[in-house]
Structures are given as structure tokens and as C-alpha cells.
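Here the structure comes first, spelled out in C-alpha cells, and everything after it is commentary.
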Amino acid sequence: MKKIFLILFAFAALQSFAQSLSEDTKRKFQFGTDVFIDVWQKVPHELKLKSVNPGVNIIGSYNYIFGESNVSFSPGLGIGVHNFYSSSLTVTENDSTYFQAIQEGVSYKKAKFTATYFDIPLEFRFKSKAEFRFAIGFKFGFLMKAQTKYKGDDYMGGNTNLVIYKKGRIPYVEKNRYGFTAKIGYKWLNLYGYYQISPLFVPGKGSEMFPVSFGLSIIPF
């Protein structure tokens, strides 16, 4: 909830800032935030995902406008964060990373996997004079960090003491990711979709799972 309030506060601040920009600047530059839910594909049976797995992108881009048309080619830079919550632990052994179900009787509040990427999105965009928007594109990402967080009973110590275990480096997560993107909407509010075609883990070293993302793209300018 706290993160949602921070995003809304940042959006309100950007909306205020955008009002001071010239129309030419807003035509050439675009800044936006995608708030989405991941539907993970090819999930191994031992990984019991929660129903809602939220993520966020923050993106800035430049519009190369084709003459006096409403069409542009827009490369950009951004940060993308994907999460999934489950009833499983991330385990690495025997040259592979896999998921292990949390034992019955162990009480826990959180078991989360997070992957953060530095992204280079490329889009072809259409924006009408009435500010109807449509965009299709392709996104390349470079892994910045993969980590896990567990909060619950001390399963390693075999007791019910509340502990927090964190792993800041998960082996065999793919260093690169890529997939197709699409947006459609009006003015500052758009629907967002992303279909990743690369797996989360190195082939043969982990699950072949990958995310398909659906959500909202908020574009203050």
C-alpha cells in the first residue's frame, strides 16, 4: 500500500511539472510509469504462486517524429521490476536453481522473488491531436539484481521464531530478457501489455517460466 501511495504522489508531482513544459518539449519527450500484474507461464508444479503478482516499470523516451505526422519512433531507457509471491523457497544446488515448497506446519508471512532490469524499450507510436495513443514495440532488458525475501518461522533452525531471510544473488537467472510491448489509451491513462519471449532462468539451469504482463500505463507527459 505504501508503494502505491508513493507512485500516486510521484504521478501528481509529474503532472504538476508537466504543466510548466512547452508543447514542443512534451511532443519530443515522454515519461511514464507502468503498473501491472504478471501472469507467469510454464510455472513448475512445485511453485505455488499467489494470484496477484504486481510489478512496475519507470520509463523515459525520446520521440523521433516522422515529419508533420502523428507517428514517431521512440527509443528509451527504464527500470523494470517483476515480483512473484509464492509458498516456495528458491534453492540452488547441483548447478541449477529450483523451487521447493515450504514445509507443512511452517507459518510464514512472505516468500517473494524479485528481478530488477535496466530496460531499453523501442516503440512505434501514434498520438492523435485529441491525444488518443497507440504504441507497439520491443523491449530489451539487462538484469540488475535477482533476489528473494522470506519472512516467517525459522525453518532453518526448526523453531517458530520470526525471522527474515534474504538472498541478494540468485544464480542462473538470465542476464538478458526481451519481449513485445503494446499500449493503447487516451491522454495520460493507457492499457499496457508485455509478452516476454525469453525465460527467467538460463536454459537447463532452472525453470523455463516467463511473464506475460497486463496493466495500466500512466503518462503525465
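None of the figures in this text is laboratory data; all of them are computed from the coordinates on show. No experiment lies behind these values; they were computed from the predicted model shown. Virtual Cβ from ideal backbone geometry, glycine too; neighbours counted across all protein chains shown.
Restricting to the range 40-84, give me the number of residues that are among the hydrophobic types (A, V, I, L, M, F, W, C), farther than 18 Å from Phe118 by Cα and buried (at least 17 other Cβ atoms within 10 Å of the Cβ). Don't jump to the end; show me each part of the working.
Taking the range 40-84 first, the residues among the hydrophobic types (A, V, I, L, M, F, W, C) are 40, 43, 47, 49, 52, 56, 58-59, 65-66, 71, 73, 77, 79, 81, 84.
Pick out the ones that are also farther than 18 Å from Phe118 by Cα and you get 40, 43, 47, 49, 52, 65-66, 71, 73, 84.
Okay, now just the ones that are also buried (at least 17 other Cβ atoms within 10 Å of the Cβ), so 40, 43, 47, 49, 84.
So the answer is 5.
State all residues of the range 200-214 that are surrounded by fewer than 20 Cβ atoms within 10 Å (Cβ to Cβ) and within 14 Å of the chain's Cα centre (by Cα); if no residue qualifies, say none.
Residues satisfying the conditions are Val212, Phe214.
Name the single residue, out of those in the range 87-104 being in contact (Cβ under 8 Å) with a residue 12 or more places away in the chain and over 17 Å from His45 (Cα atoms), that is nearest to the chain's Cα centre (by Cα).
Just the residues of the range 87-104 that are in contact (Cβ under 8 Å) with a residue 12 or more places away in the chain, to begin with: 87-90, 92, 95-103.
Then drop every residue that is not over 17 Å from His45 (Cα atoms), which leaves 92, 95.
Working: Thr92: 23, Asp95: 27 Å.
Only one residue fits best here, namely Thr92.
So if I check each of Tyr178, Tyr150, Tyr195, Tyr172, which one is on the phi > 0 side of the Ramachandran plot and either touching a Phe, Trp or Tyr at 6+ places or on another chain (Cβ under 6 Å) or surrounded by 15 or more Cβ atoms within 10 Å (Cβ to Cβ) (or both)?
Numbers: Tyr178 fails: on the phi > 0 side of the Ramachandran plot; Tyr150 fails: on the phi > 0 side of the Ramachandran plot; Tyr195 fails: on the phi > 0 side of the Ramachandran plot.
Exactly one of Tyr178, Tyr150, Tyr195, Tyr172 is on the phi > 0 side of the Ramachandran plot and either touching a Phe, Trp or Tyr at 6+ places or on another chain (Cβ under 6 Å) or surrounded by 15 or more Cβ atoms within 10 Å (Cβ to Cβ) (or both), namely Tyr172.
Of the residues Ser217, Ser198, Ser107, Ser128, which single one is touching a residue at least 60 places away in the same chain (Cβ under 8 Å) and not acidic (Asp, Glu)? I'd like the intermediate steps shown before the answer.
Working: Ser198 fails: touching a residue at least 60 places away in the same chain (Cβ under 8 Å); Ser107 fails: touching a residue at least 60 places away in the same chain (Cβ under 8 Å); Ser128 fails: touching a residue at least 60 places away in the same chain (Cβ under 8 Å).
Answer to the selection: Ser217.
Would you check which residues across the range 88-113 are of a type in the set (Gly, Ala, Ser) and either part of a strand (DSSP E or B) or surrounded by 15 or more Cβ atoms within 10 Å (Cβ to Cβ) (or both) and list them? Outline the logic, then answer.
Within the range 88-113, the first condition is being of a type in the set (Gly, Ala, Ser), and the residues that meet it are 88, 96, 101, 105, 107, 111.
Once the filter is applied, which keeps residues that are of a type in the set (Gly, Ala, Ser) and either part of a strand (DSSP E or B) or surrounded by 15 or more Cβ atoms within 10 Å (Cβ to Cβ) (or both), the range 88-113 yields Ser88, Ser96, Ala101, Ala111.
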